[in-house]
Each structure stands twice: as structure tokens, then as C-alpha cells.
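As C-alpha cells, the structure follows; a few thoughts come after it.
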Amino acid sequence: MNKLIVSTLLIISMSLACSNNDSITDENVARLEPTALSPVYASSSTFADGGTVKGVANSESLSVNEVQGGIRVSGTGTVSVEPDVAVLEIGVEVFAGKVSKARSEASIAMDLVISTIKKLGVEEKDIQTTSFTIYPRYDYKEATINGNRINTQVLTGYTVSNTVKAKVFEVDKVGEIIDSAVEAGRDYVRINGVDFTIDDPNPYKTTIRKIAVEDAVNKAQEYALLTNVELGPIISLDEMGSGSIQSPYEADYGMSRMMAAAPATSINSGQLDISLTVSTLFAIK
């Protein structure tokens, strides 16, 4: 009975307090204890189409960045073809005591080389100078100056180097062209290398794209099977590069001298691999 009276009096006193304060003043607000708010977590069901949040008062202004999920794989297509162009790098190198003499002899030797390869079918437009240098050459001798033995630099002459690249479309004539160029330029000639390539790889791109996409689809299907999911449609596809040409063979003579009296040079073009890679993203149903 006493507890009931006390409760009744407490309720009456609280009601009187509220009636005497029609509005909450700043002083009263300052006395209120802050209430801790629990964090709100969103699940996949929280989000509506388009990435906006459902069930939130400010859902019109609140958005999230969608992350594309799925199966990402790359596919590669490769075809092996016979090269139809040989790029031959030919140079001459002349050393002489005077720079004018070295330059003159180098010029004569290069003119002979170029005129010779032209006679063998290499056109003027397919010959390009890639390097021309003139630099001094020194010897180092030991000398005694003021009682101290030191190495002194002595100029011995000048080296002139001239290099061209020639595109040879008759690949089976590369050996003959090398031998003829060496015979024309004699000991001044340097064969820096032979590189085989395809003049126009575009006709092969349709084939390697088809192979690359099929490779990507097969990989995606395999991953879907391994992870027990159903593969959906492709979401994105990016082509990596424009079809690289890889040569498994390169004749590199490393600035070596080739003597005219040597046996005929044998050059084998082999085959080239033209490759293309695609990066894909498949959806998961």
C-alpha cells in the first residue's frame, strides 16, 4: 500500500514539472545525458537497384559505389606464320688518323654496300640510316712528370661508324644480300643483326581474336564449374595490345666482320608467333 502511494506521488510530481516547463531551455538541454546511438549495418537486401539505400530517410542523396563482381579471366590467341620480311642491319666502321680520311672511306664503303643491295632488289624507300657517329680514339701511355708516374691520354685517330636498316621482302635472298654487301664493303662492313617479321599482321588478327575469346570463355566456364556457380553473360572485354610478333630466331652477328672468302651465308627464317590477349569479366547468375 505504501509503495502505491509513493508511485502515485512520483507520477504527480513529474507531471507538475512538465506542466511548469512548456519548452525545453538551453540550460535544460545541457543537463540531458547524451544517448549512444547504435551503428546501422547494411546487408545486400538494403540496397535497391542503382546502388541507392532503401529504408533511409535521405535515400535520395545517399549512394554507394558498386563493385563489379564476377569471374575475371584472360584469354590468349596465337598463330604461327612464316615471316615475309627480313630487317637487315648493316654498318660500316672505319678508323683513320685523320677524321676527314675516316669519314671519306666510310662514305665510299657505305655507298658501295647500298648500291649492291639495291641491285639485289632492296628499294631505296626500304633503306634507312639508323646511326652515324664520329668519335676520337685514344691510347694511354705511362709518363713521368715532376717525378710522378702518371697515365697520359694520346690521340691516335678517329672512328666513323654508319649504320642502315634494310627491309628485304624476298626473305630467301637474305644470305645472298649479306654476302654481296660484305664483298662490296670489305673489312669495313659490320652485320649487326637480322630480324624476321610480318609486314602486315592485320589479316591474322581476326583469327587470333577468335582464339583469344574462346580461350577466355573456356576458362570462365571451368572456373564456374569448379566454384559451383552458373556463368552469366560477359560484362566487359578489353584487348591487350595490338598483336605482338615474337621471333624464336634471330641471326645476330654482334658487329663481327664477315669475310668475302667465307662460304655462302645460310639464313633460316623459321616461323613467327603472332599473339593477342583479351581481358574479360563474366557475370555470375
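Key figures
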quantity	calculated
Pick from segment 170-186, criterion part of a helix (DSSP H, G or I) and under 35 Å from the mean Cα position of the chain (by Cα), ranking: nearest to Ser115 (Cα to Cα)	Ile177
Which listed residue is assigned to a strand (DSSP E or B), hydroxyl-bearing (Ser, Thr, Tyr) and closer than 30 Å to Ser244 by Cβ, from Thr152, Thr130	Thr130
Filter result (within 30 Å of Val278 (Cβ to Cβ) and part of a helix (DSSP H, G or I)) within segment 187-210	Asn202, Pro203, Tyr204, Lys205, Thr206, Thr207, Ile208, Arg209, Lys210
Meets criteria (out of contact with any Lys or Arg (no Cβ under 9 Å at 6 or more places or on another chain), at positive phi and at pLDDT below 95) for Gly69	no
Unique match (being out of contact with any strand residue (DSSP E or B) (no Cβ under 9 Å at 6 or more places or on another chain) and either surrounded by 11 or more Cβ atoms within 10 Å (Cβ to Cβ) or among the small types (Gly, Ala, Ser) (or both)) among Asp195, Asp200, Asp126, Asp187	Asp187
Selection count where residues are free of Cβ contacts under 8 Å to residues at least 12 places away in the same chain and closer than 17 Å to Tyr188 by Cα, scope segment 126-178	0
Filter pass, Ile114 being part of a helix (DSSP H, G or I), surrounded by 11 or more Cβ atoms within 10 Å (Cβ to Cβ) and modelled with pLDDT of 95 or more	yes
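The values are calculated or read from the model by the stated rules, or taken from the named source; none is laboratory data. Nothing here was measured: the structure is a model prediction, and the numbers come from that model. Note: ideal-geometry Cβ built from the backbone for every residue, glycine included; neighbour counts use all protein chains shown.
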